[in-house]
Amino acid sequence: MPRISRKGESMPQSPIRKLVPYAEMAYKQGKTVYHLNIGQPDIKTPEVALDAVKINSLDILAYTRSEGSDEYRQKIADYYSKHQIQVNKEDIIVTTGGSEALLFAFGSVMDTDDEIIIPEPFYANYNGFSTASGVNIVPVISKIEDNFALPPIEEFEKLITPKTKAILICNPGNPTGYLYSKEEIKKLAQIVKKHDLFLIADEVYREFAYDGVIHYSIMQEEGLDEHAIMIDSVSKRYSMCGARIGCLVSKNKTVISTALKFAQARLSPPTLAQIASEAALQTPQSYFDNVISEYVERRNILISELEKIEGVKVAKPKGAFYCIVELPVKNSDNFAQWLLESFDVDGETVMVAPAAGFYSSPNVGLNQIRIAYVLQKDSLIKAVNILKEALKVYKD
Ligand SMILES: Cc1ncc(COP(=O)(O)O)c(C=O)c1O
């Protein structure tokens, strides 16, 4: 048989999905599985977005422009301007999800063997995007004890080499739920300017900022135009994960013209989904107010229930809908598998994401899991109770 590529061999499995076969076994055994493992919100997609697809009168489902339709990009720019982000439609490339925007950003600013510094734990697919782009992640560790705040700038400086091309942050963070403050963004701005690096910010959870704190985007930071690349998506904002629409935003014209070449190679983002995403921009503020208060309630319940369990440590998330939880176990991979294979409370069990896959440093996060609070409150309470009962009997 011809040999597959080394790149293919080293592509990491998603830590979020790798336990799926065990969940399927649990279903076959007749168990109910509470999914705390995946960030698929259970919130309804705004009706305006769904209706726009149902009532459109297209005769031909044609390609759009590679950078996305003019109308849609103009409306995205208007939307950002309401969030104190001043960009033009020319600064925006519409992509097939935030995922493709990340791939375009990596492809546009880094060559094989270049380095990107990322605070870890980080969104697990950054590992996959780096492997696919031939880029090396250099992790800087953020700690549960500090709620996963930005590590001291000196820690970043220690890691900068001639191969370093960019720093990537996720704000608010998946999997940490950490929301970077304006001061932290300013510190990052200083360091990327000093060392002439790109600052890529994955802001797909921008709306999910809690406790009255307002999200501060890298695009609001003055003097960062040549350095800042923002990644965005409709997936979580409008609970439209299946639309597969995102965008890459930068005031750096060379970044945009380079990313556009990647966009041209794949021709066009999906046409129908752009129609839905354009319509979604009319979603009333009341939709977000309801969604945010629902997530805040879920977060509060989740954290207070988890804190009642002996030996469990949890960082309180300030945004997004995830948290990292430290458990009194040696290996959360084994624990997560055991939960699905061998444990239940009255026929019910939980699926969690082992956190090691959110780190690129070996042997870190082995006793941690990521929880996505995308379930109704009563289900969350039941799921945490199952974890509590499981920890009473589990043996490493
Ligand atoms: C932090 C982060 N970035 C990017 C993505 C990619 O989202 P999509 O490709 O659905 O826009 C996700 C999805 O979960 C995410 O959590």
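The values are calculated or read from the model by the stated rules, or taken from the named source; none is laboratory data. Nothing here was measured: the structure is a model prediction, and the numbers come from that model. Methodologically, a virtual Cβ is constructed for each residue, glycine included, from the backbone with ideal geometry; neighbour enumeration extends over all protein chains shown. Side chains are part of the model used for accessible areas, which takes the heavy atoms of the whole protein and leaves out ligands, DNA and RNA. Shrake-Rupley method; radii C 1.70, N 1.55, O 1.52, S 1.80 Å.
Quick look at the numbers
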quantity	calculated
Segment 261-396, accessible surface, carbon-and-sulfur percent (1.4 angstrom probe)	49
Percent carbon-and-sulfur accessible area, segment 45-157, ignoring ligands, DNA and RNA, probe 1.4 Å	48
Ellipticity estimate at 222 nm from DSSP helix runs (n ≥ 4, -39,500 (n - 2.57)) divided over the chain, nearest 500	-12000 deg cm²/dmol
Counting DSSP beta bridges with both ends in the chain, the antiparallel % (nearest 5)	45
Selected from 355, 66, 185, residue furthest toward positive end of dipole (the chain; charges at beta carbon)	355
Label point distance in nm, residue 40-residue 183, each placed 7 Å from Cα along Cα→Cβ	4.1
Charge dipole magnitude, Cβ of K and R +1, D and E -1 - segment 91-180, Cα centre, debye nearest 20	120
Rounded if a/c under 1.5, otherwise prolate or oblate - segment 142-259, Cα gyration tensor axes	oblate
Sparse-neighbourhood loop sites, GluC sites (Glu not before Pro) in segment 275-315 - DSSP loop, at most 16 other Cβ within 10 angstrom	310
Shape of segment 1-125, Cα gyration tensor, a/c cut at 1.5	oblate
Point-charge dipole on Cβ atoms (K/R +1, D/E -1) for segment 183-340, about Cα centre, debye to 20	420
Evaluated over segment 56-116, the Cα radius of gyration and Dmax, each in Å	14.8, 48
Dipole of the chain, positive end: most advanced residue of 138, 12, 300 [Cβ charges, Cα centre]	12
Among the listed pairs 182/261; 236/392; 143/318, those beyond 26 Å (Cα-Cα)	182/261; 236/392
Under 16 Å from the Cα of residue 194 - aspartates and glutamates, other chains or at least 8 residues apart	154, 155, 157, 184, 221, 222, 225, 226
Loop sites in segment 194-241: GluC sites (Glu not before Pro), DSSP, at most 13 other Cβ within 10 Å	222
Computed over the chain: relative contact order in percent, which uses C-alpha pairs under 8 Å that are six or more apart	26
Given the chain, longest segment not containing exposed loop trypsin sites (Lys or Arg not before Pro) (DSSP; at most 15 other Cβ within 10 Å)	164-265
Theoretical gain in end-to-end length, residue 154 to residue 289 [0.36 nm per residue, Cα-Cα removed]	44.8 nm
Local electrostatic count at residue 276 - Lys and Arg +1, Asp and Glu -1, tallied over other residues with Cβ under 10 Å	-1
Assigned charges on the beta-carbon of Lys, Arg, Asp, Glu; the chain dipole about Cα centre (debye)	520
Per residue accessible area of segment 129-258, 1.4 Å probe, in Å²	37
Cα gyration tensor, segment 194-268 - rounded (a/c under 1.5), prolate or oblate	oblate
Accessible area in square angstrom per residue, segment 314-389, 1.4 angstrom probe	33
Paired Rg and Dmax values of the chain, which use every Cα atom, in angstrom	21.0, 61
Net lengthening on full extension, residue 316/residue 10 (0.36 nm per residue, minus Cα-Cα)	106.8 nm
Cα centroid separation - segment 103-158 against segment 46-91, whole Å	30
